[in-house]
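Please treat every number below as a calculation from the coordinates, not as lab data. Every value quoted in this text rests on a predicted model; they were computed, and no experiment measured them. Virtual Cβ from ideal backbone geometry, glycine too; neighbours counted across all protein chains shown.
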């Protein structure tokens with residue numbers, strides 16, 4: 001039996017890590033957790049969503065959790081917000097709806113994204129210069 005791999009973050013980095021883990025260990029049990037509504041989105045398309053060219057944010061999704069399960073044997077949990085990592089016992093705790101779910105791991109990958117930055121070029125501090133971070137969440 002392969003290792004248990006838990007990946008926190010379902011964006012491009014998390015999805016790439018999951019695919020790589022599958023190639024390295026065909027028998028691994030891989031779980032990818034993301035607090036958003038979908039995984040492996042196309043962040044380069046976000047301006048098109050904001051500009052109205054792409055009508056639904058979900059249209060930026062590249063894969064569904066079902067596709068990951070069927071095609072790659074990777075379990076994907078969306079709306080799963082990790083709130084604690086117990087490194088001593090190798091357990092991740094996530095909120096999934098009203099439940100707390102434990103995920104035991106042999107390998108833990110944190111792929112939660114990055115903060116946008118502005119480049120140190122003339123005018124970077126002018127009004128109207130914006131950075132963008134995009135997370136789709138279900139409203140309670």
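Which whole-number value in Å³ per residue fits the convex hull of the alpha carbons of the stretch 33-105?
115
When you count, for each residue, the other Cβ atoms within 10 Å and take the mean per peptide, how do 77-88, 10-21 rank with the highest first?
Ranking, from highest mean packing down: 10-21, 77-88.
So for the chain, what are the equivalent ellipsoid semi-axes in whole Å, largest first, each being the square root of 5 times an eigenvalue of the Cα gyration tensor?
30, 17, 16
Measure off 7 Å from each Cα along the Cα-to-Cβ vector at residue 19 and residue 108, then give the distance between these two points in nanometres to one decimal.
2.6
Quick one: helix 12-24 against the long Cα principal axis of the chain, what's the angle to the nearest 10°, folded into 0 to 90?
30
If I take R0 = 25 Å and measure r between the Cβ atoms of residue 70 and residue 98 in this structure, what FRET efficiency does the formula 1/(1 + (r/R0)^6) give, to the nearest 0.05?
Calculated value: 0.35.
If you take every DSSP beta bridge whose two residues both sit in the chain, what share of them, in percent to the nearest 5, is antiparallel?
Roughly 50 percent of the DSSP beta bridges within the chain come out antiparallel.
How much mean residue ellipticity at 222 nm does the chain get from its helices, if each DSSP H run of length 4 or more adds -39500 (n - 2.57) and you divide by all residues, to the nearest 500 deg cm²/dmol?
When only DSSP H runs of four or more count, the value is -5000 deg cm²/dmol.
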